[in-house]
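Enquirer: Here it is: the structure, laid out below.
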Amino acid sequence: MQDHPADSQYRLAIGIVIAVHRDTWEVDVRLTDETAAIVPRCKVQGHYLPEVHNVDADGNALKLGGRQSKVVVGWLDASCQNPVAIPVHNVIVPDSEKANHVYWSEQLRARITINRQNEFEIRIADGDNLYQFQIQRADGIIRAKTPTTMVELNDAAKSITARCDGDLIAECKNAKVTAASDVDVEAGGNIELKAPNVKIVGALQVVGNVAVTGNLNATGSIVDVAGNTPHHSHG
């Protein structure tokens, strides 16, 4: 068995899929001619990924039901380094597994997929690293996500939800948060505010202890209900 097809087979050949690389939209193909050459990493030019072809113990192809794995292999460059695979059968594939459009940039090593579930996906291969970004729309909800982060816009609930597996960092010149109702801040650890001055306008209620490093100045009275604090005035 040869690793590459003969020169006469460079431009066009028929083969069966022996491996599927879903992350990069590629397949490995074994040619069905006398060379039986294996062509790795063929970029699929189609709206679905073929299945791996089933074979018996003798290597003979078995029927794959409604799905077929036979493809046409072609080469787009003179050096024959970028093979592509085009499915040649009318396959039975659910619409949810098909893509309306698939765009691939060999130079950028990026793939853009728009499928029938209103999903837009960008995948970029950088060496052994794969970066993935998706935008999904369903039931009035739009989600933008990566494998570790997600931002959700819900029109019906009039809400924005952000989740991430790591840190959430925001940097800007000025920041303002306005809420028509309550604002709740909850943390599993400590909450630290760093500023030259912190001003609170309104009543401040503390449930728990207060520790002060420095002076405590009050223009009004300090009321000690229990009467156990010396050196103060009673209001």
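The values are calculated or read from the model by the stated rules, or taken from the named source; none is laboratory data. Quantities reported herein were computed from a predicted structural model and do not represent experimental measurements. Note: ideal-geometry Cβ built from the backbone for every residue, glycine included; neighbour counts use all protein chains shown. When the accessible area is computed, the model is the full protein with side chains, heavy atoms only, and any ligands, DNA or RNA have been set aside. Shrake-Rupley method; radii C 1.70, N 1.55, O 1.52, S 1.80 Å.
Enquirer: Using a 1.4 Å probe, how large is the accessible area of residue 88, given in Å² and rounded to the nearest 10?
Expert: 70 Å²
Enquirer: Something else about it: For 28, 167, give me the order by solvent-accessible area with a 1.4 Å probe, most accessible first, ignoring ligands, DNA and RNA. Kindly include the intermediate steps, with their values, before the conclusion.
Expert: Values: 28 30, 167 135 Å².
In descending accessible area the options line up as 167, 28.
Enquirer: Arranged from highest to lowest average of other beta-carbon atoms within 10 Å per residue, in what order do the peptides 31-44, 169-182, 149-162 appear? All intermediate terms of the calculation are to be shown ahead of the outcome.
Expert: Details: 31-44: 17.0, 169-182: 5.1, 149-162: 11.9.
For the peptides 31-44, 169-182, 149-162, the packing ranking is 31-44, 149-162, 169-182.
Enquirer: Please compute the length gained on full extension between residue 170 and residue 34, using 0.36 nm multiplied by the number of residues separating them and subtracting their Cα-Cα distance. Mind dumping the intermediate values first?
Expert: Numbers: separation 136, 0.36 × 136 = 48.96 nm, distance 6.12 nm.
In short, 42.8 nm is gained.
Enquirer: Could I ask something else about it? Taking the Cβ-Cβ separation of residue 191 and residue 226 as r and a Förster radius of 22 Å, what is the calculated FRET efficiency to the nearest 0.05?
Expert: Rounded to the nearest 0.05, the efficiency is 0.20.
Enquirer: Taking a 1.4 Å probe, which of 130, 193 shows the most accessible area, and what order do the others take after it?
Expert: Numbers: 130 65, 193 140 Å².
So, going from the largest accessible area down, we get 193, 130.
Enquirer: Could you work out how much longer the chain between residue 21 and residue 112 gets when fully extended? Use 0.36 nm per residue separation minus the Cα distance between them, nm to one decimal. Write down the numbers at each step before the final one.
Expert: Working: separation 91, 0.36 × 91 = 32.76 nm, distance 1.55 nm.
Full-extension gain reported as 31.2 nm.
Enquirer: Right, next: With contacts defined as alpha carbon pairs under 8 Å and 6 or more residues apart, what's the relative contact order of the range 126-213 in percent? Spell out each step's value before the answer.
Expert: On the way: 59 pairs, mean separation 10.9, N = 88.
Computed over the range 126-213, the figure is 12 percent.
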